[in-house]
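Worksheet: the structure to be examined is printed underneath.
The values are calculated or read from the model by the stated rules, or taken from the named source; none is laboratory data. From a predicted model like this one, the values you see are computed outputs, not experimental measurements. Glycine also receives a Cβ, built like all others from the backbone with ideal geometry; neighbour counts cover every protein chain displayed.
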Amino acid sequence: MLEGADAKSINIKLKALEVEKVGLTPALTLAPEEKPLLHPNLSAIDRARVEALGEVPHDPDHGREVFEVIRSLVEEVRITPVNGEVPSNSRANWRASSPS
């Protein structure tokens, strides 16, 4: 409008878009929620990757570098006493993004 556009044609287009929005809104509420597609063997693939990680830190050429990368994945280690004793089988909470 500031550059000489016809306000009437813009208003007509805006009203048409509003009508289209009203028509699409019910379709969006009826659409099924999309769920992520996961590989059926994802757990087996991840297990194999984790098992392979157990061997890599012992590699004399790259062990220290790999150790540092694994260490960077640990967000927090929390050891909580149970009945006044520290469990002998404590676990770390891991946070990592999936490799691409």
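When region 38-89 is filtered for residues that are more than 26 Å from the chain's Cα centre (by Cα), outside any loop (DSSP other than H, G, I, E, B) and not aliphatic (A, V, I, L, M), the ones remaining, listed by number, are GLU55, PRO57, HIS58, GLY63, ARG64, GLU85.
So is GLU34 in a loop (DSSP other than H, G, I, E, B) and either among the charged types (D, E, K, R) or surrounded by 10 or more Cβ atoms within 10 Å (Cβ to Cβ) (or both) or not? Against the criterion (in a loop (DSSP other than H, G, I, E, B) and either among the charged types (D, E, K, R) or surrounded by 10 or more Cβ atoms within 10 Å (Cβ to Cβ) (or both)), GLU34 qualifies. Scanning region 1-26 for residues that are among the aliphatic types (A, V, I, L, M) and modelled with pLDDT of 85 or more returns ILE10, ILE12, LEU14, ALA16, LEU17, VAL19, VAL22, LEU24.
Restricting region 65-91 to residues that are β-branched (Val, Ile, Thr) and under 26 Å from GLU55 (Cα atoms), the residue that is modelled with the lowest pLDDT is VAL77.
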